[in-house]
Amino acid sequence: MIVLDYRDRRPLYEQVAERLQEMMFNGVLPQDTQLPSVRSLATDLSINPNTIQRAYGELERQGYIYSVKGKGSFVADSSRMRAGKLKEWKGRFTASVEEGMKIGVTAEDMTGLMEETFRGHMTERGDGHD
């Protein structure tokens, strides 16, 4: 399910694209799954179909989905893209840890912050079992 945050400063099409990417990476939308039609998703989210069209266009440009004329949009093989995103994330994570070390943040502080952030995220998603 896609939930939009109207307080978020990013455009709605970026939020839609991001949520669909998350669903692909988490296996909710496996490879070759047909996405909802532009009109259908726009109706479900109560937003302009042009917004969905723009999100789909961006996802297709980035290689996350592909279109079949007359059939709709489908999830592409995202394993390579996931691997690329993971590598990118690891680089940012490592740089952040190194920056923290330079300013005196301890391993214990970092671990605590990671656990706190993770718990907060799980609670937001409704997965918290603490």
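The values are calculated or read from the model by the stated rules, or taken from the named source; none is laboratory data. Since the model is a prediction, treat every value here as computed from it, not as a measurement. Reconstructed Cβ throughout: ideal geometry from the backbone, glycine too, with neighbour counts over all protein chains shown.
Points to keep in mind about this one:
- Residue in the stretch 51-60 that is closer than 28 Å to GLU14 by Cα, touching a helix residue (DSSP H, G or I) at 6+ places or on another chain (Cβ under 8 Å) and outside any helix (DSSP H, G or I) present: no
- Test: residue in the stretch 87-100 that is aliphatic (A, V, I, L, M) and touching a Phe, Trp or Tyr at 6+ places or on another chain (Cβ under 9 Å): no
- The stretch 67-99, subset assigned to a loop (DSSP other than H, G, I, E, B) and either more than 16 Å from the chain's Cα centre (by Cα) or not acidic (Asp, Glu) (or both), residue nearest to LEU41 (Cα to Cα): LYS71
- Residue in the stretch 7-17 that is under 27 Å from HIS121 (Cα atoms), within 14 Å of the chain's Cα centre (by Cα) and surrounded by fewer than 16 Cβ atoms within 10 Å (Cβ to Cβ) present: yes
- Only listed residue being of a type in the set (Gly, Ala, Ser), in contact (Cβ under 8 Å) with a residue 12 or more places away in the chain and surrounded by 10 or more Cβ atoms within 10 Å (Cβ to Cβ), chosen from ALA42, ALA95, ALA55, ALA83: ALA55
- Options TYR6, TYR13, TYR56; residue that is of a type in the set (Ser, Thr, Tyr), more than 17 Å from MET81 (Cβ to Cβ) and at pLDDT 95 or above: TYR13
- Any chance GLY104 is surrounded by fewer than 17 Cβ atoms within 10 Å (Cβ to Cβ) and within 17 Å of the chain's Cα centre (by Cα): no
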